[in-house]
Amino acid sequence: MISSIKVETGTAEGLGDAVIRVRDPRTGRVEEFIRRADPEAVAAAAAGLRESQADWAMRSFESRLETLSRFAAELAARRPALARALEVDTGRRRIAGIEAASLDGMLAGVRHAVQSFGQAVWRDGVSAPHVRHTTQWVPYGLVGVISPWNFPFLLSMIDALPALAAGCAVLVKPSEVTPRFVETVMEAVAATPGLGAVFGFVLGDGATGQALIDQVDCVCFTGSVATGRKVAVQAAGRLIPAFLELGGKDPMIVLEGADIEAATDAALRGCVLSTGQACQSIERLYVARAVHDAFLARLVEKAEAVRLSRPDISSGDIGPVIFEKQAAVLQAQIDDARARGGRVLTGGTVETLEGGLWLRPTVIADADHDMAVMRDETFGPILPVMAFTDEDEAVRLANDSDYGLSGAVFAADLDQAERVGRRLDVGAVSLNDAALTALFHEAGKQSFKTSGLGPSRMGADGLGRFLRRKALIANTAAPLPLQAFREDG
């Protein structure tokens with residue numbers, strides 16, 4: 001099911017809350033409207049998917065993967081349209097193209113994970129050899145996916161694809177900020193025999209997401225900690241699992257002896273790629289005093305060379321701020337850092353250019369933990385730098401956070417980087433690089449602290465999240481009689 005309309009700017013006047021206005025981040029103009037799916041529409045979509053889920057679950061992994069491969073082929077044939085929709089949604093071209101081509105890699109990962117859930121065998125008991133047991137993997141009936149605005153297609157499919165492979169039906173509520181990709185995806189779904197019966201979308205805002213949680217058997221949410229808490233509470237009220245991938249405040253530690261050229265390259269990419277609008281972006285930089293000044297000077301030099309992708313979207317390095325409310329957060333953090341003694345060496349001002357909101361890479365020196373930019377999630381191209389004296393101080397500072405998504409360590413060698421990385425309270429650590437979880441999805445990880453809840457999206461657990469384990473236990477001897485448990489026996 002997909003509930004949406006497209007109209008010219010201005011023609012939705014008078015419809016009030018029935019529609020949500022969708023903004024172009026490069027121009028700031030509202031160019032499209034989507035109709036909000038109300039609770040009745042969500043319930044109808046959920047009921048329709050449930051009707052077909054049992055038959056879908058009865059098929060083998062191989063059969064379901066064959067259907068998903070057909071879907072991937074149908075989507076590949078529509079890749080230019082998908083990339084264009086993502087480009088308009090996010091204001092970036094190259095990354096939109098990479099995102100549009102991401103399904104094949106995700107499907108390969110799901111294929112590999114399926115090998116962990118193959119044919120179960122009967123095993124003899126250890127404590128009671130006459131009792132045998134085996135496993136049955138049972139999928140959840142209907143999985144709800146609530147995805148964010150920064151990578152709208154990828155972060156919808158990263159949960160939907162393994163859930164479908166597991167045998168679940170899936171209903172996705174994408175962000176109302178970046179919903180244009182859904183039309184092309186649903187065209188590919190409709191062209192894939194059997195898939196539309198178990199895979200659908202509903203469009204809307206937070207109210208639609210709340211309605212979705214009331215209809216599903218487990219929910220996957222990617223987004224802010226504040227909203228994730230609300231999702232978790234609502235799911236707990238229904239006693240259904242909530243798999244949450246929430247915010248990050250990823251630290252990067254640069255130790256004495258690290259390659260400054262490589263470290264500044266990784267720090268800049270890890271912070272600025274996608275305009276910093278990624279949960280695993282580097283948002284705090286801790287640099288050994290012995291190399292701090294050299295690191296900072298080189299980082300500033302490289303940050304100043306970064307170009308905005310305007311007016312031509314095909315040129316430059318970074319795009320606009322996608323969500324206009326986020327721009328206010330970025331400016332507030334910069335202003336707070338200035339007020340508390342931080343030195344803004346590059347960037348520093350959210351600019352309105354041809355209607356879009358843009359922030360050049362902003363390096364802040366003399367940062368400390370009194371500043372919001374070192375405590376709160378940023379989600380933008382801001383690089384606050386703080387010096388440390390020794391390894392213990394670096395680890396203490398990096399761990400002084402409510403977040404624990406991921407982090408990075410640069411050192412003279414991998415042994416030293418690993419030693420420090422093992423002390424960080426985060427779910428993944430990039431060694432002598434940064435933000436590798438955005439590029440490499442084979443390593444299973446979980447989110448620490450407030451950065452999330454539930455099994456890993458990566459590796460075999462990415463599929464196993466959607467399969468409940470049932471035990472079948474067989475007694476090959478005579479059952480014990482009640483008298484065997486008599487008190488006077």
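The values are calculated or read from the model by the stated rules, or taken from the named source; none is laboratory data. Since this is a predicted model, take the numbers as computed values, not measurements. Glycine gets a Cβ as well: all are built from the backbone with ideal geometry, and neighbour counts include every protein chain shown. Heavy atoms of the whole protein, side chains included, go into the accessibility calculation; ligands, DNA and RNA do not. Shrake-Rupley method; radii C 1.70, N 1.55, O 1.52, S 1.80 Å.
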Name all residues of segment 230-260 having a backbone nitrogen under 18 Å from the label point set 7 Å from the Cα of Asp205 along its Cα→Cβ direction, giving them as ranges. 230-231
Residue list for segment 266-281, given a label point 7 angstrom along the Cα-to-Cβ vector of Ala328 and an amide N cut-off under 12 Å: none
Evaluate E = 1/(1 + (r/R0)^6) for Ala471 and Arg340, where r is the Cβ-Cβ distance and R0 equals 51 Å; express this FRET efficiency to the nearest 0.05. 0.35
In Hz, Karplus ³J(HN,Hα) per residue of segment 248-259 (6.51, -1.76, 1.60; θ = phi - 60°; x = Gly, Pro): x, 9, 5, x, 10, 9, 10, 8, 4, x, 5, 6
Given the chain, what percent of its DSSP beta bridges are antiparallel, to the nearest 5? 40 percent
Kirkwood Rh, angstrom, segment 373-444 [1 / mean 1/r, Cα pairs]: 13.2 Å
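Got a number for carbon plus sulfur as a percent of segment 314-408's accessible area, 1.4 Å probe?
Heavy-atom surface of segment 314-408 belonging to carbon and sulfur, 1.4 Å probe: 43 percent.
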Listed here are the pairs Lys173/Lys230; Lys173/Lys470; Lys249/Lys302; Lys325/Lys445; which of them are more than 26 Å apart at the Cα? Lys173/Lys470; Lys325/Lys445
For segment 84-133: accessible area per residue (Å², 1.4 Å): 57 Å²
DSSP-assigned coil residues among GluC sites (Glu not before Pro) in segment 285-371, each with at most 14 further Cβ atoms within 10 Å: Glu354
Roughly what % of Cα-Cα distances in segment 173-239 sit above 13 Å, to the whole percent? 68 percent
Heavy-atom accessible surface of segment 46-176: percent carbon and sulfur, 1.4 Å: 54 percent
Sort the chain into rounded, prolate or oblate with this rule: let a ≥ b ≥ c be the square roots of the eigenvalues of the Cα gyration tensor; rounded if a/c is under 1.5, and if a/c is not under 1.5, prolate when a/b is larger than b/c, oblate otherwise. oblate
Ser147: net charge of surrounding residues, Cβ under 14 Å, Lys/Arg +1, Asp/Glu -1, itself excluded? -3
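Which net charge results when you count Lys and Arg as +1 and Asp and Glu as -1 among the other residues whose beta-carbon is under 12 Å from that of Ala398?
That sum, taken over residues with Cβ under 12 Å, equals -3.
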Here the alpha-carbon Rg of segment 113-225 over 2.2 N^0.38 Å rounds to 1.36
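How would you order 121-132, 440-451 from highest to lowest mean count of nearby Cβ atoms within 10 Å?
The peptides rank, most packed first, as 440-451, 121-132.
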Give, as a single signed number, the net charge of other residues whose beta carbon lies under 14 Å from the beta carbon of Thr264, with Lys and Arg counted +1 and Asp and Glu -1. -4
Using 0.36 nm per residue of separation minus the Cα-Cα distance, give me the extension gain between Ala305 and Glu354 in nm, one decimal. 15.5 nm
Would any residue of segment 447-489 have its amide N under 17 Å from a label point 7 Å out along Cα→Cβ of Gln136? List them or say none. 467-475
